[in-house]
Amino acid sequence: MSAPQVSGQTTRRAWLVWAPAALFFALVFFQRTAPGVMVEELMRDFSVGAALLGNLAAFYFYAYASVQLGVGLVLDNWGPRRVLTGAALVAAAGAVVFALAESLHAAYLGRLLIGLGCAFGWIGCLTVIGQWFPARRFATVAGLSGMVGMVGAMLAQTPLAALLAFVSWRTAMLGVAGASFAAALLCWFLLRDRNPARAAERAAAEGHRMGLLAGLRAAAANRQVWPIALFTSTNVVPFIALVALWGVPYMMRAHGIERGEAAFAVVLILLGQGLGSPAMGWLSDRIGRRKPVMALCTGLALVTFCIAVYIPGLPLWLVYAVLFVHGIGSSGIIIGFSTMREAAAPHLVGASLGIVNTFVMGFSALIHPLLGLLLDLAWDGRMENGVRYYGTGDYERAMLVLPATLVVGLIAAALVRETWCGEAPAGATARS
């Protein structure tokens with residue numbers, strides 16, 4: 001199917017419609033990564049070790065992953081305006097519950113609600129892009145969306161760490177709740193579900209509308225789904241592990257630096273992905289190929305992670321630089337989603353992206369408690385300021401699982417069939 005011609009006026013309107021979806025996605029990443037600079041406070045307030053803290057962080061991903069299979073079809077049936085507005089409200093409610101939690105179980109509930117609301121952010125943003133922008137610009141605009149998300153994540157690092165010197169983490173989370181409520185209002189008043197310039201394409205998709213189970217079965221029948229899902233999820237796991245929880249405490253321990261300096265290292269990872277997402281999306285669109293960029297990104301992520309963590313004695317400035325490049329490598333996730341959109345039939349795009357994102361969030365949910373468990377198994381009983389003490393070697397041994405996932409990602413990238421940046425024909429279930 002050829003992309004419809006989109007006028008300049010329609011394109012300007014497209015950016016206006018895209019803006020609130022991208023803003024909500026920035027809040028999604030803020031909520032996802034904020035616990036990384038609250039580790040000591042959360043351990044102290046809820047009297048937990050690394051394993052239980054990892055589980056607390058993972059509750060976001062449990063909720064997020066559990067609904068991904070249906071997210072695309074819900075967005076297709078209800079439209080991003082209503083869905084993203086409701087999702088932002090649920091995320092706001094979860095932030096309030098988390099901020100006011102007096103017990104670990106209440107905190108679990110808050111993170112669960114946050115994850116449930118945030119679960120619609122990324123696929124909702126991609127749905128808006130797919131409806132309002134031409135196919136030849138999908139990876140580029142998706143990359144820009146990823147960059148906006150990284151801005152949200154960066155605000156949850158050094159700026160949030162600085163803020164926590166003046167206010168409690170609970171007060172900060174109440175502020176996030178207010179921002180999520182504001183995002184809900186913007187989604188309601190600015191988002192529009194359908195692009196009138198693509199009415200013919202929408203009519204064709206309506207002719208193939210199907211229920212949740214039927215849609216998932218049809219999407220799963222596409223053999224491209226599985227290697228793309230495996231590539232995308234393994235590409236992002238080390239990034240999520242570092243920026244969402246373990247990067248700050250590891251940098252503090254390994255390099256003997258304060259929390260603000262450690263959070264700056266995570267900011268550089270986020271900045272790398274933020275800049276790399278549109279750059280790699282543009283590069284892939286420019287050369288008209290996906291697989292070489294997928295392999296490039298994963299290779300960069302693998303090499304730089306091993307350098308930053310497993311080569312001793314590097315000066316801090318060089319570690320910062322290597323972590324920045326690691327962030328660029330982790331932007332391969334954008335190419336994975338772009339490839340899935342092109343490999344799926346138009347009426348199965350939402351379901352196919354939902355399957356891929358289920359893998360991404362499922363792997364992300366598992367990595368936090370896994371690393372926490374490995375740290376607790378290595379713990380020698382030492383306490384420091386009321387918090388369990390984990391040594392540099394403990395972190396390095398636990399994190400050996402992260403480069404292993406990137407090796408799997410390289411294998412998965414080799415198994416993906418090249419789409420040549422084109423869309424699958426209507427009614428197709430897999431590209432030939």
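The values are calculated or read from the model by the stated rules, or taken from the named source; none is laboratory data. Please read these numbers as outputs of a predicted model, since none were measured by experiment. Heads up, the Cβs are rebuilt from the backbone with ideal geometry, glycines too, and the neighbour counts pull from every protein chain shown. Remember, those area values only see protein heavy atoms, side chains included, never the ligands or the DNA or RNA. Shrake-Rupley method; radii C 1.70, N 1.55, O 1.52, S 1.80 Å.
Before moving on, here are some points about what is shown:
- Angle of helix 68-78 to the longest C-alpha principal axis of the chain, folded into 0 to 90 degrees and rounded to 10: 40°.
- In sequence order, segment 176-185 has phi-based couplings of 5, 4, x, 5, 5, 5, 5, 5, 4, 5 Hz under the Karplus curve 6.51 cos²θ - 1.76 cosθ + 1.60, θ = phi - 60°, and Gly or Pro positions carry x.
- If you take all other residues with their beta carbon under 15 Å from the beta carbon of residue 165, and give Lys and Arg +1 and Asp and Glu -1, the sum is -2.
- Listed values for segment 240-257 are Karplus-derived 3J(HN,Hα) couplings in whole Hz (6.51 cos²θ - 1.76 cosθ + 1.60, θ = phi - 60°), namely 4, 4, 6, 7, 8, 7, 9, x, 5, x, 5, 5, 4, 6, 5, 10, x, 10, and x replaces Gly and Pro.
- Packing around the peptides 373-381, 28-36, 138-146, taken as the average count of other Cβ atoms within 10 Å per residue, puts them in this order, highest first: 28-36, 138-146, 373-381.
- Gain in span if fully extended, residue 188 to residue 310, counting 0.36 nm per residue against the direct Cα distance: 39.1 nm
- Exposure rank, largest accessible area first [261, 396; 1.4 Å]: 261, 396
- Magnitude of the charge dipole for the chain, about its Cα centre and with charges confined to Cβ atoms of Lys, Arg (+1) and Asp, Glu (-1), is about 1340 debye.
- Only DSSP H runs of four or more residues enter the estimate; each adds -39500 (n - 2.57), and after division by the residues of the chain the mean residue ellipticity at 222 nm equals -25000 deg cm²/dmol.
- Considering only 343, 400, 328, and ranking their Cα positions along the charge dipole of segment 309-413 that arises from unit charges at the beta-carbon of Lys, Arg, Asp and Glu, the one farthest toward the positive end is 343.
- Couplings for segment 350-357, taken from phi via the Karplus curve 6.51 cos²θ - 1.76 cosθ + 1.60 with θ = phi - 60°, read x, 5, 5, 5, x, 4, 4, 6 Hz in order; Gly and Pro are left as x.
- The largest accessible area among 347, 326 belongs to the first residue in 347, 326, and the rest follow in falling order (1.4 Å probe, all chains).
- As a length-normalised measure over Cα pairs under 8 Å and 6 or more apart, the relative contact order of segment 201-337 settles at 33 percent.
- Structure-derived mean projected area of the Cα convex hull in nm² - corresponding label in [x] 19.8; [y] 27.5; [z] 18.7: [z]
- Rough spin-label spacing in nm, given labels placed 7 Å along Cα→Cβ, for residue 415 and residue 100: 4.7
- Computed about the Cα centre, the dipole magnitude for segment 320-432 is approximately 200 debye when only Lys and Arg (+1) and Asp and Glu (-1) carry charge, each at its Cβ.
- Based on C-alpha pairs under 8 angstrom that are at least 6 apart in sequence, the chain has a relative contact order of 27 percent.
- Residues 390, 310 ordered from highest to lowest accessible area at a 1.4 Å probe: 310, 390.
- Virtual spin-label span in nm between residue 170 and residue 257, 7 Å along Cα→Cβ: 3.2
- Against the chain, whose longest principal axis comes from its Cα atoms, helix 104-118 is set at around 30 degrees.
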